[in-house]
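The values are calculated or read from the model by the stated rules, or taken from the named source; none is laboratory data. All values reported here derive from a predicted model rather than from experimental measurement. All Cβ positions, glycine included, derive from the backbone under ideal geometry; neighbour counts span all protein chains shown.
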Amino acid sequence: MGRTLAEKVWDDHVVRSHEGEPDLLFIDLHLIHEVTSPQAFDGLRLAGRQVRRPDLTLATEDHNIPTTDLDKPIADIVSRTQVETLRRNAEEFGVRLHPMGDIDQGIVHVVGPQLGLTQPGMTIVCGDSHTATHGAFGSIAFGIGTSEVEHVLATQTLSQAKPKMMAVEVTGELPPDATAKDLILALIAQETTGGGQGYIVEYRGEAIRKLSMEARMTICNMSIEWGAKAGLIAPDQTTYDYLQGRPNAPKGAEWDAAVAYWDTLVSDDDAQFDKVVTIDASTVAPFVTWGTNPGQGVPLSASVPDPESFDDPIQREAAQKALTYMGLTAGTPMRDIKVDTVFIGSCTNGRIEDLRVAAKLIEGRKVAEDTRILVVPGSVRVRLQAEEEGLDVIFKEAGAEWRGAGCSMCLGMNPDQLTPGERSASTSNRNFEGRQGKGGRTHLVSPDVAVATGVLGHLASPADLPEMAGV
Amino acid sequence: MEKFTSHTGVGIPLRRSNVDTDQIIPAHWLKKVTRDGFEDGLFEAWRKDPDFILNKSPYDRATVLVAGPDFGTGSSREHAVWALQNYGFKVVLSSRFADIFRGNSGKSGLLAAQVDDKVIQRLWEYLESNPGATVTVDLESRTVKAGEGVDAIEDSFTIDDYTRWRLLEGLDDVGITLSHADDIAAYEAGRPSFKPATL
């Protein structure tokens, strides 16, 4: 019987398989950052253990660091201690680290692909749930807890029960006004936050094949938001074109050998999926969330739903609680919702392509009064590339803030936070209560919707923007 | 890790679905570099409300958390498990757990026991009508029990065999894996040379 793409990658990494036990999988790349690693290194020290494969480990600073005043020490002492702990651990255990100020520093899920370390057919883990981002290259990539970080550091393996296999068939073509972010938000709303639990999902179909690597990363990034263990996409010429020439990509004969292997990484025609889900891309429109989990979303053209419209009592209660927290009234058109802050960035939408789209849209326009736009590149190299293309100037002329690289306002653990009651349109991945700061209210959106919202001051899509004179 | 065989303790009904790990322990607590001291951050935002159930006696002494579906979604932070344990929780019951949270629980010795949604509903009603009542969770027999007589609640729970064995024995994962060091070395010897390296 044929195998799925994920089964092929899985099988190629089994170190040990024993009846009644999870498989022991070899890990090709372990990414670490300051937040989920200190207790893992402590565990190694206590047991007198070493990092087994520092040559398959990479550390970067991203979660708790500021995106302004980068030349000064981190003002928050607790954050500074955590970052200094990572630096000490990296030095003691011989792990390569890209600290603040380094040209390869950035969000861990932006840095891996940009260095060419993320390649097809790998197993990649990180103490961060958005690790599935790397699945865009046809790898099995997933987030792990700190005990597992310690386990990988010590053994370069993980014990894992094989998840079930799911195919997400994306039929049709995305309309011109819809993006990869809209597609994944619509899929999560369709399948709910628990729909992917227990599965590795493969995103397939013509609409997926036509997406750039950046867009594929946006899709795979949010696999965890509908509960999936991992999400991946079969590699193709788009993948190879993105990889070739990057610092850590194979070269010469190694490249040819790698491509010969990567070409085998497709689900066989007779592969059996445990579940198949279908979404018609041609029906996807700009999509926004109204609630406090990523499954609570609607098309921008819709209104805030009435909790009574949910048949399931648990969903009804969740909707009621969400509307109270979000300060929204059922029936309000989404476009009427005023927004204080727009955040463009994160491992979901902080890559160069996202910034290009945003800059093109905002060029010649101004940020609305009483609204602010924060643009935070996903890595230092993304920032430098954008500056080379003059995107920073476009953002600044429009009245947006141009920041240093990091996780920033995606999560409330660095200085970039919402204040209680403040409402954001955010290109990040989570709208949980307090996610962007205590009491903050988050609407998840695409970069396109983010810019239109920032210009108009309320949730909006590019189609709502007035034509510019002379265009 | 301590061995886990059976636990009896005060149950607390948490009538919420999709309790994500940002709610269990907000991000600003994640700057700590130790595994302890997270108890005050547990459900921090909700505990600001005096009516939140964990603020009420005798529920504040609970060690068995009975939660709605999709518990532990979102961020991979194991700090969520540590916060529950630091507060005193030994068991979480839910009809559906997020994968990473379930995995983290097993590694740290918190029992994440999956029960039928109907059992959760009955436990909620029972614990609300009988504040301070206890729930017994037995890992050996995979059963959850509460109440007495005709209204007694007794049902089985689901946990994978391997995690159950490790919890019962209190085994250290890294130690188990390192006993297979030869297998790891053999695998490493056969890896293709085109695979990337960071050094």
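Look at (1) more than 13 Å from chain B (Cβ to nearest Cβ); (2) farther than 29 Å from residue A:182 by Cα; (3) not in a loop (DSSP other than H, G, I, E, B) and you find that residue A:259 fails only one, number (1).
The C-beta contact set for segment A:390-408 (first residue closer than 14 Å to residue A:451 by Cβ, second residue part of a loop (DSSP other than H, G, I, E, B) and not acidic (Asp, Glu), distance under 7 angstrom, 6+ apart or interchain) comprises A:398/A:365; A:398/A:366; A:398/A:367; A:399/A:366; A:399/A:367; A:400/A:367. Only a single item in (1) modelled with pLDDT of 95 or more; (2) buried (at least 20 other Cβ atoms within 10 Å of the Cβ) is not met by residue B:129, and it is number (2). Within segment A:134-165, being buried (at least 24 other Cβ atoms within 10 Å of the Cβ) and more than 30 Å from residue A:44 (Cβ to Cβ) holds for A:136, A:138.
Restricting A:256, A:177 to those that are surrounded by fewer than 19 Cβ atoms within 10 Å (Cβ to Cβ), more than 30 Å from residue A:451 (Cα to Cα) and either among the hydrophobic types (A, V, I, L, M, F, W, C) or out of contact with any strand residue (DSSP E or B) (no Cβ under 7 Å at 6 or more places or on another chain) (or both) reduces the list to A:256.
Exactly one residue out of A:102, A:128 is more than 22 Å from residue A:267 (Cβ to Cβ) and more than 8 Å from chain B (Cβ to nearest Cβ): that is A:102. Within segment A:369-395, can you find the residues that are of a type in the set (D, E, K, R) and closer than 26 Å to residue A:456 by Cβ? Of everything in segment A:369-395, those that are of a type in the set (D, E, K, R) and closer than 26 Å to residue A:456 by Cβ turn out to be A:369, A:370, A:372, A:389, A:392.
Filtering segment B:97-144 to residues that are more than 21 Å from residue B:70 (Cβ to Cβ), touching a residue at least 40 places away in the same chain (Cβ under 8 Å) and part of a loop (DSSP other than H, G, I, E, B) leaves B:109, B:131, B:132, B:133, B:139, B:140.
With respect to (1) in contact (Cβ under 8 Å) with a residue 40 or more places away in the chain; (2) more than 26 Å from residue A:402 (Cβ to Cβ); (3) of a type in the set (A, V, I, L, M, F, W, C); (4) more than 10 Å from chain B (Cβ to nearest Cβ), the lone exception for residue A:47 is condition (4). When segment A:90-120 is limited to residues that are touching a Ser or Thr at 6+ places or on another chain (Cβ under 7 Å), under 12 Å from residue A:33 (Cβ atoms) and of a type outside the set (A, V, I, L, M, F, W, C), the one that is surrounded by the fewest Cβ atoms within 10 Å (Cβ to Cβ) turns out to be A:98. Right, residue B:191: within 11 Å of another protein chain (Cβ to nearest Cβ), surrounded by 11 or more Cβ atoms within 10 Å (Cβ to Cβ) and under 30 Å from residue A:244 (Cβ atoms) or not? When the stated conditions are applied, residue B:191 passes them.
Could you list, in sequence order, the residues of segment A:12-28 that are under 17 Å from residue B:162 (Cα atoms), within 9 Å of another protein chain (Cβ to nearest Cβ) and touching a residue at least 12 places away in the same chain (Cβ under 8 Å)? Answer for segment A:12-28, where residues must be under 17 Å from residue B:162 (Cα atoms), within 9 Å of another protein chain (Cβ to nearest Cβ) and touching a residue at least 12 places away in the same chain (Cβ under 8 Å): A:21, A:22, A:24.
Residue-by-condition table, conditions (1) more than 14 Å from chain B (Cβ to nearest Cβ); (2) surrounded by fewer than 23 Cβ atoms within 10 Å (Cβ to Cβ):
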position: A:225; (1), (2): no, no
position: A:238; (1), (2): yes, yes
position: A:243; (1), (2): no, no
position: A:252; (1), (2): no, yes
position: A:263; (1), (2): no, yes
position: A:290; (1), (2): yes, no
position: A:302; (1), (2): yes, yes
position: A:305; (1), (2): yes, yes
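Only residues that are in contact with a Leu (Cβ under 7 Å, 6 or more places away or on another chain) and either at pLDDT below 95 or assigned to a helix (DSSP H, G or I) (or both) were counted in segment A:42-68, giving 4. Counting only residues that are in contact (Cβ under 8 Å) with a residue 60 or more places away in the chain and either under 16 Å from residue A:135 (Cα atoms) or assigned to a helix (DSSP H, G or I) (or both), how many does segment A:243-256 have? The number of residues fulfilling the criteria is 1.
Looking across segment A:140-160, the residues that are within 7 Å of chain B (Cβ to nearest Cβ), among the β-branched types (Val, Ile, Thr) and assigned to a helix (DSSP H, G or I) come down to A:146, A:155.
Only residues that are over 15 Å from the mean Cα position of the chain (by Cα), within 14 Å of another protein chain (Cβ to nearest Cβ) and buried (at least 22 other Cβ atoms within 10 Å of the Cβ): list them for segment A:436-462, please. I'd like the intermediate steps shown before the answer.
If we filter segment A:436-462 for residues that are over 15 Å from the mean Cα position of the chain (by Cα), which is where we start, we get A:436-443, A:448-462.
Subsequent filtering for residues that are within 14 Å of another protein chain (Cβ to nearest Cβ) retains A:436-442.
Correct list: A:436, A:437, A:440, A:441, A:442.
Out of (1) at pLDDT 95 or above; (2) not in a loop (DSSP other than H, G, I, E, B), what's the single condition that is false for residue A:36? Against the list (1) at pLDDT 95 or above; (2) not in a loop (DSSP other than H, G, I, E, B), residue A:36 comes up short only on (2).
Restricting segment A:192-223 to residues that are of a type in the set (Ser, Thr, Tyr) and within 14 Å of chain B (Cβ to nearest Cβ), which is surrounded by the most Cβ atoms within 10 Å (Cβ to Cβ)?
A:223
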